[in-house]
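Q: Take this structure first; my questions come after.
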Amino acid sequence: MERTSKEELCTARPATIRPNCDRCRTKVQGRRKYVFTDQIDQLIREIYLLHRDAKTRPGIRPLAKKVGMPHWALKKRACELGLARTKELPWSETELGILARYAWMSNERIRLKLKAGGYSRTVTGIHLKLKRMRFKHDGSFYSAYSLAQALGIDPHAVTRWIRDGH
């Protein structure tokens, strides 16, 4: 039997990955890395600072074509440079107070209460914060379903009792 070189082994058995082989190493890394220069970073900064309050940045796609990178890579770089806000701002103590006071209301009504207080939050953001803070979860009360399970009756009967005011 003839001995084969490492490169021939890699092509003969593609499922085998050898870390010392250059061809295998490129298979393991998989993704192409985009190298950002100071000039590209400066162009990204100019686009983001020119359209500071815009939801979309119209100059990103032309810049992506110009530098030969995908637009998502430029947007990701803008996040790394601290130019794009990807998460909601932290909740203030006043907002948390309003949230705690009106936690029994619907998320849309809470949004309106926050808006009246001068704060802007999305319904989804409110829902997630209520869930994370466990404001609506009170261990001293039963849900309609859990009460029905505890009593061994149909959950619809319990919701009918609640609706009738019992």
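Coordinate-derived values only; no laboratory data. Since we're looking at a predicted model, the values are computed, not measured. Every residue, glycine among them, receives a Cβ derived from its backbone with ideal geometry; neighbour counts consider all protein chains shown.
Q: Per residue of region 36-41, in order, report the coupling 6.51 cos²θ - 1.76 cosθ + 1.60 (Karplus, θ = phi - 60°) as ³J(HN,Hα) in whole Hz, putting x for Gly and Pro.
A: 9, 9, 4, 5, 5, 4
Q: In nm, give the distance between the simple-model label positions of K131 and W91, each being 7 Å from the Cα along the Cα-to-Cβ direction.
A: Taking the simple label geometry, K131 and W91 are separated by 1.3 nm.
Q: Give me the Å³ per residue figure for the convex hull around the C-alpha atoms of region 93-133. Walk me through the numbers before you get to the answer.
A: Details: hull volume 2.4 nm³, N = 41.
It is 58 Å³ per residue.
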